[in-house]
There are 2 protein chains.
Amino acid sequence: MRVTPWSVEGEIDYNKLVREFGTMMINDELLARIKKHARYLHPLLRTGYFFSHRDLDWIIDKYEEGERFYLYTGRGPSGNIHLGHILPWIFTKYLQDTFNVNLLFQVTDDEKFLYNDDKDMDEISKYTYENILDIIAIGFRKEKTKIIVDTKHIDRLYPIAIEIAKRITFSTIKATFGFNNATNIGMILFPAIQAAPCFLPSKFEGRLVPCLIPAAIDQDPYWRITRDIATKLGYYKPAQIHSRFVPGLGMHGKMSSSIPETAIFTTDEEDKIKDKISNSFTGGQATMKLQKMLGGNPENCPVFWYLKYMFEDEKSSDDRYIKCRSGSLPCYECKHALIDKTIIFIKDFKRRREEAKNLIDEYMLE
Amino acid sequence: MRVTPWSVEGEIDYNKLVREFGTMMINDELLARIKKHARYLHPLLRTGYFFSHRDLDWIIDKYEEGERFYLYTGRGPSGNIHLGHILPWIFTKYLQDTFNVNLLFQVTDDEKFLYNDDKDMDEISKYTYENILDIIAIGFRKEKTKIIVDTKHIDRLYPIAIEIAKRITFSTIKATFGFNNATNIGMILFPAIQAAPCFLPSKFEGRLVPCLIPAAIDQDPYWRITRDIATKLGYYKPAQIHSRFVPGLGMHGKMSSSIPETAIFTTDEEDKIKDKISNSFTGGQATMKLQKMLGGNPENCPVFWYLKYMFEDEKSSDDRYIKCRSGSLPCYECKHALIDKTIIFIKDFKRRREEAKNLIDEYMLE
């Protein structure tokens, strides 16, 4: 298992990750505290998809004391958006709605340019535009959401980034991200650019504002070094809520743009969605006969996973689980169900993506 | 001898520096070419104060082909401005007037913040403001001069800086600037920020514009790495014209803000100027008797140096040289001459510095 912000390899042991990273598991007590303020406990919380945190309890303390926190998350625009990206954003919207808070959404075009030898700024800018449409299509509250694009808003980020950078040595960056002497100097500074939004509202409002970051756990190294220097700089440590990785439609690994046949993009045509899901790996047995005899493995099945996390309520999902286990549910039925629901979802998402084209200015930080 | 952009130590052997850095001496042929376009050959050129270059001949080729270059120089705002700073700026004005070209003047507030552990941004910003008054007081042409402050104009610099940064590894930076694992990540990126103005006009005008950098030779490492990557990025290599260091009023070393008694600041009061010059090291002998017997050493005398480079024409300076050598000129006479001229110069400079307060907006890049 190897988890960095740029790649996730091997079988993921989330318990081990929590121990190694030194984060905390989200326990029932914490879930109960969230539920107290929410209309409902989001399935992504209930089912442990968001499973780990740093200082989430402190964020709720602050909230209960009447101190409004804000949400900060981001996207590196190196390709199109797929369901694996969208899921944490849907959860972020839930947090925004539940706590009625502001959201800063950072688009790290600089990082993607610096990281990819084969990508020029024109290509990155194209994805920046396309990805912003997806972000807006999620339905974040217009008046409470600001999108930052690093190269566009660097004037706001850089003054804070150099405060941060002054406190971080190359040794720290090497140890945290596995950088070496061949790493380019833009990548070396970048962690300070990604950390800057953690302090941006505090800096500009001239008072301390707590920050909560919903993101997959592979981003944790950024917040670890940010937390290490926050107090020295006179800011709150940013709190986090960490998700697991979204599985791809292949046998292993997270949904990834680099293996497009395992990922459903928001721009995919109906035929492509049908093909990809039809060809998906499942938790089913090799033959119908074996399936009836042994039952399927829904825990291991991306088709079951997507139906459960994106499209079905607890009861329907539990029914499906039992039927699969018992061997009475052939894989094609689940695939058809996922195809139908995904096609409807993507069709609607595409419509909102189209509408987003007229909303960019309203969502962008001025 | 140790020369880096942050410190100059030991007895400077300029011939050795030219060999080590791989620059070219300015020869008589090149001086003749400059003179062809100038009304006069500036004393700082004639006397070899600006002594070394990279591609200055190419810049003149381009100029003669009708391609207008621009000048780029800079200032790190970590303290007040003294005569040692002003001298290359006066020369830069000469180049601007002679060739009728634009000037970009970069104020690297980010670097000074990142480099000095004990300085916060408030202090750096104070010096940024004060130093800008000095820059304007030099009398650069308003319509052909733009001042850039890194943290204010980072939106223009950063997109180019990341193009540059992508091509520079930590190895290169380590070897060029002597950085190590304890260097902060802001300093590590900074060479890309200082390199960015070399390409700024080309980027924004959408055509290649040659760039000539007048600066002391300790800044050369920045331009060496910039030149290495310029062609790969599709830009011209920046050309340079290098000066020697300005001597302090002490026995050795360049005029330096860190030894204020050896430096005359543009903000110094008359009494202070008088005291500092009166206490200056000179090339004179220990007693008047010895002076009359052996004669003085004007080559080694900062008082002679300042009179020659800042205040006297060739003939007066040569007279002074001969008289000093012959022993007929006591040091106090030279000191008085320098005190009188410096007081007049600083008085006038202060007046222009006051006027500069109303000109800042006109000089700043919008």
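As a test of the definition: with a 1.4 Å probe, what buried accessible area, both sides summed, do you compute for A against B, in Å² to the nearest 100?
The summed interface area works out to 2700 Å².
How many Å³ per residue does the convex hull of the Cα positions in chain A occupy?
In chain A, the Cα hull volume divided by residue count equals 142 Å³.
Determine the shielding of peptide B:176-184 by partner chains: average, over its residues, the number of Cβ atoms on other chains within 10 angstrom of each Cβ.
4
Relative to the other copies, what are the label-point distances for B:S328, with labels 7 Å from Cα along the C-beta vector, expressed in nm at one decimal and sorted shortest first?
The answer, with the shortest distance listed first, is 12.4 nm.
Only four residue types carry charge here, +1 at the Cβ of Lys and Arg and -1 at the Cβ of Asp and Glu. Report the dipole size of the stretch B:2-246 about the Cα centre in Debye, rounded to the nearest 20.
Once rounded to the nearest 20, the dipole reads 700 debye.
Residue farthest toward the positive end of the dipole of the stretch B:181-334, with Cβ of Lys/Arg at +1 and Asp/Glu at -1: which of B:P201, B:P247, B:C301?
Positive-most Cα among the choices belongs to B:P201.
Ranked highest first by average number of other Cβ atoms within 10 Å, how do A:283-293, B:198-208 line up?
Averaged packing, sorted descending, gives the order B:198-208, A:283-293.
For the stretch B:57-162, with only Lys/Arg (+1) and Asp/Glu (-1) charged at the beta-carbon, what is the dipole magnitude about the Cα centre, in debye rounded to 20?
Approximately 400 debye in magnitude.
Residues of the protein assembly as shown: accessible area per residue at 1.4 Å, in Å²?
43
Sequence gap at least 6, Cα distance under 8 Å: using those rules, report the relative contact order of the stretch A:150-231 to the nearest whole percent.
It rounds to 36 percent for the stretch A:150-231.
Kindly give the distances from A:G10 to its copy-mates, label point to label point, with each label point 7 Å from Cα along Cα→Cβ, as nm values to one decimal ordered shortest first.
In ascending order, 4.9 nm.
Got a sec? Which residues of the stretch A:141-160 lose 50 Å² or more of accessible surface with every protein chain in place, vs. that chain alone, 1.4 Å probe?
Buried on complex formation: A:I154, A:Y158.
When Cβ neighbours within 10 Å are restricted to other protein chains, what is their mean count per residue of peptide B:186-196?
The per-residue average across the peptide is 5.
Please report the base-10 log of the normalised intensity I(q)/I(0) for the stretch B:260-354, using a Debye sum with one equal scatterer per alpha carbon and no solvent, at each q in 0.24 (1/Å).
Reported log10 I(q)/I(0), two decimals: -1.21.
If a helix is a whole DSSP H run, which ones in chain B reach 20 Å or further along their own axis (Cα) and hold a mean Kyte-Doolittle hydropathy of at least -0.5?
Length and hydropathy pass: B:83-99, B:121-137.
Among A:K232/B:K126; A:K166/B:K203; A:K126/B:K62; B:K119/B:K232, which pairs are too far apart, with a Cα-Cα distance over 31 Å?
Over 31 Å Cα-Cα: A:K126/B:K62; B:K119/B:K232.
For the stretch B:193-327, which whole-number percentage of the solvent-accessible area (1.4 Å probe, protein heavy atoms only) is attributable to carbon and sulfur atoms?
The C+S portion of the solvent-accessible surface of the stretch B:193-327 is 52 percent.
If packing is taken as the mean number of other Cβ atoms within 10 Å per residue, what is the order of B:94-104, B:353-363, B:159-169, highest first?
The densest-packed peptide leads the list: B:159-169, B:94-104, B:353-363.
For the stretch B:260-354, calculate the relative contact order in percent as a whole number, restricting contacts to Cα pairs under 8 Å that are 6 or more residues apart.
Relative contact order for the stretch B:260-354 comes out at 32 percent.
I need to check one value: relative contact order of the stretch A:2-246, counting alpha carbon pairs closer than 8 Å and at least 6 residues apart, in percent.
Worked out over the stretch A:2-246, it gives 26 percent.
Got the B:N116 label distances to the other copies yet, label 7 Å along Cα→Cβ, in nm, shortest first?
4.2
Using helices alone, what [θ] at 222 nm do you get for chain A, with -39,500 (n - 2.57) per DSSP H run of 4 or more residues, divided over all residues and rounded to the nearest 500?
-15000 deg cm²/dmol, from helical runs alone.
Across the protein assembly as shown, what fraction of all alpha-carbon pairs, as a whole percent, falls in each successive 10 Å bin from zero upward?
For the protein assembly as shown, the binned pair fractions read 3, 13, 20, 20, 15, 11, 8, 6, 3, 1, 1, 0 percent.
In nm, to one decimal, how far is the B:E130 label point from the B:I360 one, both placed 7 Å along Cα→Cβ?
Computed distance between label sites B:E130 and B:I360 equals 1.4 nm.
Inside 10 Å of the C-beta atoms of A:167-175, what's the mean count of C-beta atoms belonging to other chains?
Whole-number average of other-chain Cβ neighbours for A:167-175 is 5.
Kirkwood Rh over Cα pairs of the stretch B:139-258 into Stokes-Einstein at 25 °C, 0.890 mPa s: D in µm²/s?
Rounded to a whole number, D works out at 154 µm²/s.
Rounded to the nearest 5, what % of the DSSP beta bridges within chain B are antiparallel ones?
Once the DSSP bridges in chain B are tallied, antiparallel ones form about 35 percent.
If amide hydrogens are placed 1.01 Å from N in the peptide plane, which non-local residues have theirs closer than 5 Å to the one on B:Q106?
Here the answer is B:T73, B:G74, B:R75, B:I148, since their amide H atoms fall under 5 Å of that of B:Q106.
The values are calculated or read from the model by the stated rules, or taken from the named source; none is laboratory data. The structure displayed is predicted, hence computed values, not measured ones. So basically every Cβ, Gly included, is an ideal-geometry build from the backbone, and we count neighbours across all protein chains shown. We work out accessible area using only protein heavy atoms, side chains counted, and drop any ligands, DNA or RNA first. Shrake-Rupley method; radii C 1.70, N 1.55, O 1.52, S 1.80 Å.
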